[in-house]
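Q: The structure's right below; bear with me while I get my questions together.
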Amino acid sequence: MARQNRKFTPRQRTTRPFGASLTSNQPPVQPLQPPSHRDGAWFLEPPLSSRLYQKSGLGKMQSDESIRLTPEEIMFCHWHRHVPLPSETWFEELVTTDPDIIARSIIFDTARSGGEILIPAQNIPEKWNIDLLDSTWALRWNREHIFSKQSPVAHVRWAWTTDQIDWAEMLQWTREVHSRDMVAEFFVIDEEMDVTMYLLGIDQPRGNQLLWGSFSSEQKEHLASLWGQRIARGTGWFIPRVKNWPWDSIGVEHLSGRHLRHEEGELLSVLLSDLELPKELQLYNDLMSRGVLLRPGFKFGSRWRAYETPVGEAHAPWLVQPVELAPSTWEGACLAVRLSEGVNKTWLCALLSEDTWFYLHMQRWLPGRN
């Protein structure tokens, strides 16, 4: 059978050339002046400076009503406001000392493409008296907000797909951003110069499964009796001819018996013997104490898939990956998120901080459009 032809129009990727406008607006009859260099920075003079600042939140206003621009703002003004570059060789000279200007220019343009206001950290107006985090690159305002009158809504960071991830530092940054009642956004740029936006958050997975503390003494004795009949099977155990198994969160029914994974059997042994919980079971026990039901997540590239309800009632909302198994680069993290969202699940990275388990989630999104 011949393969059916698919008819669709691929998304066009902009190449952002110099000297070409990315806006449909007509250029002014009188060409605009390029930014001027003084005191180690770049400035645009009035009256253009006032219009760009008040309307678009570009640059930082100075006492002489000029605006100081970051290099990425200069590139944005060149593409969208018909502002010439300082010179024909300005960008290539800048790249030799600041190679990340390539990524920042593209990300800045992408972040503003939906109408949102993005302002680099060094250009945030003092009037807001915002306690900026060292690792925050920019702040974002929603498109319907007036940046001079309303507070920003998000802290923004970025990385190349090849950059390494410090998950503990990402968790700390996300927590600090949330403590300021703002959202944490992370933009990732690949070698094709395409940008994907992510929202970072902290989940609290919860389920309605029975907890160990809810069982009666008789139920615990029944579990102990069944567990005493176990037969070793690979890294787990098989309990034959099981009737009235009281804890659906532990093991799976098959071949008229109950099959328990290694972690399930180890936790059950600890609970039945009232022993101290070993380190390797702490994360598993924390999730179990939240009432979720855990099943292997190897088909989805994670340690567990986590259910709120019994397996047959609904799909698992979460895929949980311990931090030691989490991707080491943003390329791997993006792949994990794409896979989880492709099966309608939320990817969680589990980290222990200050004796508490946190579940950091990443989700793709478009500010103002999701």
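The values are calculated or read from the model by the stated rules, or taken from the named source; none is laboratory data. As the structure is a prediction and not an experimental result, all values here were calculated from the model. Please note: Cβ atoms are built from the backbone with ideal geometry, for glycine as well, and neighbour counts cover all protein chains shown. These accessible areas exclude ligands, DNA and RNA; they are computed on the full protein's heavy atoms, side chains included. Shrake-Rupley method; radii C 1.70, N 1.55, O 1.52, S 1.80 Å.
Q: Kirkwood hydrodynamic radius (Cα pairs, Å) of the stretch 322-370?
A: Details: mean 1/r = 0.0840 Å⁻¹.
Computed over Cα pairs of the stretch 322-370, the Kirkwood hydrodynamic radius comes out at 11.9 Å.
Q: A follow-up question, please. Using modelled backbone amide H atoms (1.01 Å from N, in-plane), which distant-in-sequence or interchain residues come within less than 5 Å of Gly251's amide H?
A: Here the answer is Arg261, since their amide H atoms fall under 5 Å of that of Gly251.
Q: OK, next. Add +1 for every Lys or Arg and -1 for every Asp or Glu among the other residues with Cβ under 15 Å from the Cβ of Leu255, and state the total.
A: Numbers: positive: Arg230, Arg233, Arg241, Lys243, Arg258; negative: Glu253.
Counting the neighbours of Leu255, the net charge comes to +4.
Q: Probe radius 1.4 Å, ligands and nucleic acids ignored: give me the carbon and sulfur share of the accessible area of the chain as a rounded percent. The partial results should precede the final answer.
A: Values: 9870 of 20000 Å².
Roughly 49 percent of what the probe reaches on the chain is carbon or sulfur.
Q: Sorted by average packing, counted as other Cβ atoms within 10 angstrom per residue and highest first, what order do 102-110, 204-212, 85-93 take?
A: On the way: 102-110: 21.1, 204-212: 15.6, 85-93: 13.7.
Order by mean packing, descending: 102-110, 204-212, 85-93.
Q: Hey, can you find the accessible area per residue of the chain for me, probe 1.4 Å, expressed in square angstrom? Spell out each step's value before the answer.
A: Values: 20000 Å² over 370 residues.
On a per-residue basis, the chain sits at 54 Å².
Q: Right, something else. Please report, for the Cα atoms of the stretch 261-306, the Rg to one decimal and the Dmax as a whole number; what are they, in angstrom?
A: So, for the stretch 261-306, Rg and Dmax equal 11.1, 34 Å respectively.
Q: Once you list every other residue whose beta carbon is under 15 Å from the beta carbon of Glu176, what net charge do they have if Lys and Arg are +1 and Asp and Glu are -1?
A: On the way: positive: Arg157, Arg175, Arg180; negative: Asp131, Asp134, Asp166, Glu169, Asp181, Glu185, Glu354.
Spelling it out: positives minus negatives among the neighbours equals -4.
Q: With axes computed from alpha carbons, what is the tilt in degrees of helix 71-80 against the longest principal axis of the chain, rounded to the nearest 10 within 0 to 90?
A: Taking the Cα atoms of the chain, the angle to 71-80 is about 70 degrees.
Q: While we're looking at this one, here's another question. Find the percent of Cα-Cα distances in the chain that exceed 32 Å, and round it to a whole number.
A: Values: 33049 of 68265 pairs.
Here the tail beyond 32 Å accounts for 48 percent of pairs.
Q: Suppose every K and R has +1 on its Cβ and every D and E has -1 on its Cβ; what is the size of the dipole of the chain about the Cα centre, in Debye to the nearest 20? Before the final figure, lay out each step's value.
A: Values: 39 positive and 46 negative charges, 347 e Å.
I would put it at about 1660 debye.
Q: Please give the net charge around Ser225, taking every other residue with its beta carbon less than 15 angstrom from that of Ser225, where Lys and Arg add +1 and Asp and Glu add -1. Please report the intermediate quantities before stating the final value.
A: On the way: positive: Lys220, Arg230, Arg241, Lys243, Arg258; negative: Glu218, Glu221.
Once positives and negatives cancel, what remains is +3.
Q: Here is a follow-up. Using Cα-only point scatterers and the Debye equation, what is log10 of I(q)/I(0) for the stretch 197-322 at each q in 0.20 Å⁻¹, rounded to two decimals?
A: Debye curve over Cα of the stretch 197-322, log10 I(q)/I(0) at q = 0.20 Å⁻¹: -1.31.
Q: Compute for the stretch 256-370: radius of gyration divided by Kirkwood radius, i.e. Rg/Rh, restricted to C-alpha atoms, rounded to two decimals.
A: Working: Rg = 15.5 Å, Rh = 15.5 Å.
Rg/Rh for the stretch 256-370 comes to 1.00.
Q: Right, next: Angle between the Cα long axis of helix 101-112 and the longest principal axis of the chain, 0 to 90 degrees, nearest 10?
A: Roughly 80 degrees between the two axes.
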